[in-house]
């Protein structure tokens, strides 16, 4: 049995399936997707349904799932006029997700929304005597092992949106992680962007996790899409699967 983490799949179902094949994912393994399974790519709803039906997969809430919950009708009606509908659809790639969401039956939409509301925001996992803290981006102690439906909405918003790597975040440059004994695994900011914030000697080039003390960013850059090119001969964006048992990384490129 092995335990894996991946993040920011952004609707790329085929690439995700390629990753599962690469790691030899089996019924005895477990996978945590640390938010942002939807938007931008073509198959976000298909990814949500796959994770939803598999007992050995789980999804933590990301800012894109939160935008969806704030945008669509809370009772599953085919309506999208919530408080974040404009930013979700206009700026964050939500249109393709909404299209497929509206094709679901009323009962399927209700089940999907109920399942999303019951996802963890931050999750601790113990593997081989080491405790990992999985969270989409930022961290607040009050959200440890708390499901979204029971959490303070303001805290959830801060944790899934704030980042130490984004200049437009009021938490830019902060370090909420090092005072804890956890090994943090996060996503949200693509490593191609986040690595610019660290000295060159701390950065491993290519599609690899960005380690900063006890925190690893494993957002491989799917939000850029398969046409992203960073100046190297090989495509250097896609998905990163991190095996928590031994911290082995599995880069899955477009």
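What distance in nm separates the simple spin-label points at residue 142 and residue 73, each placed 7 Å from Cα in the Cβ direction?
In this crude label model, residue 142 to residue 73 measures out at 3.3 nm.
Just for the Cα atoms in the stretch 152-193, what are the lengths along the principal axes, largest first, rounded to whole Å?
Extents along the principal axes, in whole Å: 31, 27, 16.
Pick out which of 76, 24, 44 has the largest mean-square fluctuation in a Gaussian network model of the chain, springs linking Cα atoms closer than 10 Å.
Evaluated over the chain, the most mobile residue of the options is 24.
Pull out a ≥ b ≥ c, the square roots of the eigenvalues of the alpha-carbon gyration tensor of the stretch 103-238, then state rounded if a/c is under 1.5, prolate if not and a/b is larger than b/c, and oblate in the remaining case.
oblate
Considering only the chain, what is the antiparallel percent among its DSSP beta bridges, to the nearest 5?
Taking every DSSP beta bridge within the chain, about 55 percent pair in antiparallel fashion.
Gain in length, residue 253 to residue 83, computed as 0.36 nm per residue apart minus the alpha-carbon separation, to one decimal in nm?
Details: separation 170, 0.36 × 170 = 61.20 nm, distance 3.51 nm.
The span from residue 253 to residue 83 would gain 57.7 nm if fully extended.
Taking R0 as 35 Å, what's the FRET efficiency between residue 214 and residue 53 from their Cβ-Cβ distance, rounded to 0.05?
Efficiency, rounded to the nearest 0.05: 0.55.
Once you keep just the Cα pairs under 8 angstrom separated by 6 or more residues, what percentage relative contact order results for the stretch 3-253? Mind dumping the intermediate values first?
Values: 530 pairs, mean separation 51.8, N = 251.
Relative contact order of the stretch 3-253: 21 percent.
Measure nothing but the geometry: give the 0 to 90° angle between the long axis through the Cα atoms of 106-117 and the longest principal axis through the Cα atoms of the chain, rounded to 10°.
Relative to the chain, helix 106-117 is tipped by roughly 40 degrees.
Looking at the square roots a ≥ b ≥ c of the eigenvalues of the Cα gyration tensor of the chain, which shape do they give, rounded for a/c under 1.5, prolate if a/b is larger than b/c, or oblate?
Since a/c stays below 1.5, the shape of the chain is classed as rounded.
For residue 127 and residue 200, what is the calculated FRET efficiency with R₀ set at 30 Å and r taken between the beta-carbons, to the nearest 0.05?
Efficiency, rounded to the nearest 0.05: 0.45.
Determine, for each peptide in 139-145, 243-249, 173-179, the mean count of other beta carbons within 10 angstrom over its residues, then list the peptides with the highest first.
139-145, 243-249, 173-179
Would you mind classifying the stretch 31-75 by shape? Square roots of the alpha carbon gyration tensor eigenvalues, ordered a ≥ b ≥ c; an a/c under 1.5 is rounded, otherwise it is prolate if a/b is larger than b/c and oblate if not.
It comes out prolate by the Cα gyration axes.
Considering only 17, 239, 67, give the residue with the highest GNM mean-square fluctuation for the chain, with springs between Cα atoms whenever their separation is below 10 Å.
Greatest mean-square fluctuation among the candidates belongs to 17.
Please work out, to two decimal places, the log10 of the ratio I(q)/I(0) at q = 0.16, 0.18 Å⁻¹ from a Debye calculation in which every Cα of the stretch 1-75 carries one identical scatterer.
So the normalised log intensities work out to -0.55, -0.68.
Would you calculate the volume per residue, in Å³, of the smallest convex hull containing every Cα atom of the stretch 128-208?
Roughly 125 Å³ of hull volume per residue.
What per residue convex hull volume, in Å³, comes out for the stretch 41-133 when only alpha-carbon positions are used?
106
Expressed as an acute angle from 0 to 90° and rounded to the nearest 10, what is the orientation of the C-alpha long axis of helix 13-23 relative to the principal long axis of the chain?
So the helix axis and the longest Cα principal axis differ by about 40 degrees.
Given the peptides 49-61, 88-100, arrange them by the average over their residues of other C-beta atoms within 10 Å, most packed first.
Top of the packing list down: 88-100, 49-61.
Just so you know, all these numbers are worked out from the coordinates, no wet-lab data involved. Just so it is clear, the structure is predicted and the values come from calculations on it, not from any experiment. Every residue, glycine among them, receives a Cβ derived from its backbone with ideal geometry; neighbour counts consider all protein chains shown.
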